[in-house]
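> Got a structure for you, written out below as structure tokens; questions coming shortly.
The values are calculated or read from the model by the stated rules, or taken from the named source; none is laboratory data. Just so it is clear, the structure is predicted and the values come from calculations on it, not from any experiment. Cβ sites come from the backbone with ideal geometry, for glycine too, and all protein chains shown count toward neighbours. When the accessible area is computed, the model is the full protein with side chains, heavy atoms only, and any ligands, DNA or RNA have been set aside. Shrake-Rupley method; radii C 1.70, N 1.55, O 1.52, S 1.80 Å.
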Amino acid sequence: MGTQAPADHTYDRQSSVEEKLEKQKAIDEWLPITSSRNAKWWYSTFHNVTAMVGAGVLGLPYAMAELGWGPGVAVMVLSWIITLYTLWQMVEMHEMVPGKRFDRYHELGQYAFGEKLGLYIVVPQQLIVEVGVNIVYMVTGGQSLKKFHDTVCPSCKPLKTTYFIMIFSSVHFVLSHLPNFNSIAGVSLAAAVMSLSYSTIAWAASLNKGVQSDVQYGYAAKSTPGTVFNFFAALGDVAFAYAGHNVVLEIQATIPSTPEKPSKGPMWRGVIVAYIIVALCYFPVALIGYWVFGNSVADNILLSLEKPAWLIAMANMFVVIHVIGSYQIYAMPVFDMIETALVKKLHFKPTRTLRFVTRNIYVAFTMFVGITFPFFSGLLSFFGGFAFAPTTYFVSAPI
């Protein structure tokens with residue numbers, strides 16, 4: 001009898017460990033990032049295009065005007081090269097520890113900097129990026145819907161942007177309940193196609209309009225401090241345009257992986273195709289837009305292209321469809337963080353009701369901030385410098 005008790009205790013401990021592992025596995029299969037790992041390599045392509053090519057592409061000619069020809073071209077090209085390199089680093093680091101996958105950006109940060117310090121370094125910046133982008137896209141989606149409405153029906157009674165932001169947000173009260181990245185693949189594909197479409201419209205319509213007779217390529221600011229301020233603001237705008245790294249590990253987490261065929265192969269193939277599409281979107285819009293309009297180009301090039309009205313209306317609707325997809329791509333990691341905290345830390349049961357409530361509250365929050373601060377998109381330069389640049393250009397290097 002005396003020798004039986006330790007064996008019973010050992011069995012109980014093993015049983016308890018197995019129960020915890022089973023419970024952990026069940027939670028991971030419920031959470032949005034780790035619930036589905038059957039993505040194809042082309043999912044990586046359009047998820048990355050949707051995440052990176054945001055409405056910020058339409059502001060690149062304006063950034064070029066604040067940078068000038070030489071610095072502008074250099075910044076655009078260097079940003080493309082540097083961000084591709086740092087993205088490659090992240091793809092490689094996803095499975096750099098044998099038998100482990102860093103499914104989330106903060107998990108990689110915790111491995112590099114320690115459990116607590118890694119969280120403090122990565123999570124605030126990642127949340128600033130993802131929540132900031134979602135708020136900006138609430139405003140951008142509403143504004144683009146308003147431009148579409150005003151262009152199609154110029155004689156209609158004008159409506160406040162607030163109503164259009166509410167209309168735009170109503171889509172997300174539905175789409176936000178799709179459970180994981182793979183379930184929004186169709187939305188992401190449509191968004192990626194739209195981004196290439198409205199970018200093409202922007203540079204093709206500019207080319208058709210031709211170089212303006214009074215075009216000037218000097219700096220628009222009349223003072224040196226103004227020129228310097230605009231220069232740094234433009235750097236932030238470019239950083240915002242190239243921001244997509246915050247969701248790279250989460251996207252790669254959806255791709256199946258084995259020791260023989262690790263996920264980095266299909267992920268990198270998708271990234272290469274995505275970056276070719278990014279180049280086809282960014283460089284023609286930035287260079288042709290600046291060449292045609294000079295320093296008088298609007299901060300959204302579609303505003304400088306007033307005619308033909310039907311084409312501008314179409315481009316604005318393409319922007320709306322694209323930012324619907326982009327919102328979902330950036331919201332999914334936030335949903336994952338919220339649901340992880342509620343289920344693992346606060347021990348809520350992983351139910352549909354919990355997901356329904358938390359996601360609706362998040363969408364309502366981004367809508368409220370977008371309505372309250374419609375100038376929020378004017379903070380892109382600040383966000384670009386404060387959070388987008390660190391998480392996109394150089395955080396992966398020290399990791």
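> Can you list the residues, at least 5 places off or on another chain, whose amide H is less than 5 Å from the amide H of A298, using H built in the peptide plane?
S304
> Using the Karplus curve 6.51 cos²θ - 1.76 cosθ + 1.60 with θ = phi - 60°, what ³J(HN,Hα) values do you get for each residue of the stretch 355-362, in whole Hz, with x for Gly and Pro?
Working through the residues one at a time gives 5, 4, 5, 5, 6, 5, 5, 5 Hz.
> Accessible area per residue of the stretch 123-256 at 1.4 Å probe, in Å²?
With all protein chains present, the stretch 123-256 gives 41 Å² per residue.
> Continuing with this model, one more query. In the stretch 220-326, which trypsin sites (Lys or Arg not before Pro) fall in coil by DSSP and have 11 or fewer other Cβ atoms within 10 Å?
K222
> Hey, what do the phi angles of the stretch 22-35 turn into as Karplus ³J(HN,Hα) couplings, whole Hz, using 6.51/-1.76/1.60 and θ = phi - 60°, x for Gly and Pro?
5, 5, 4, 5, 5, 5, 4, 6, 9, 5, x, 6, 9, 6
> Could you sort the peptides 37-43, 250-256 by per-residue average Cβ neighbour count (10 Å cutoff), highest mean leading?
Put in order of decreasing packing, that is 250-256, 37-43.
> Continuing with the same structure: So how tilted is helix 224-241 from the main axis of the chain? Cα-based, degrees 0 to 90, rounded to 10.
For helix 224-241, the angle is close to 50 degrees.
> Okay, next question. If you add up the charges near Y163, with Lys and Arg at +1 and Asp and Glu at -1, over every other residue whose beta carbon is less than 15 angstrom from its beta carbon, what do you get?
+3
> Charges on Cβ only, +1 for Lys and Arg, -1 for Asp and Glu, centred on the Cα centroid of the stretch 221-310; of I288, L235, I272, which one is farthest towards the dipole's positive end?
Selected residue: I272.
> Another question, if that's okay. Give the label of the value calculated from the structure for mean projected area of the Cα convex hull in nm², choosing from (i) 27.2; (ii) 22.9; (iii) 18.1.
This structure yields the entry labelled (ii).
> When only DSSP loop residues count, what chymotrypsin sites (Phe, Trp or Tyr not before Pro) in the stretch 51-104 have their Cβ near at most 16 other Cβ atoms within 10 Å?
Here no chymotrypsin sites (Phe, Trp or Tyr not before Pro) fit, given the DSSP loop and packing criteria.
> Sorted by packing (mean other beta-carbon atoms within 10 Å per residue), highest first, where do 352-365, 128-141 land?
The peptides rank, most packed first, as 128-141, 352-365.
> For the stretch 37-394, which whole percent of the accessible surface, found with a 1.4 angstrom probe, sits on carbon and sulfur atoms?
In the stretch 37-394, the share of accessible area belonging to carbon and sulfur is 71 percent.
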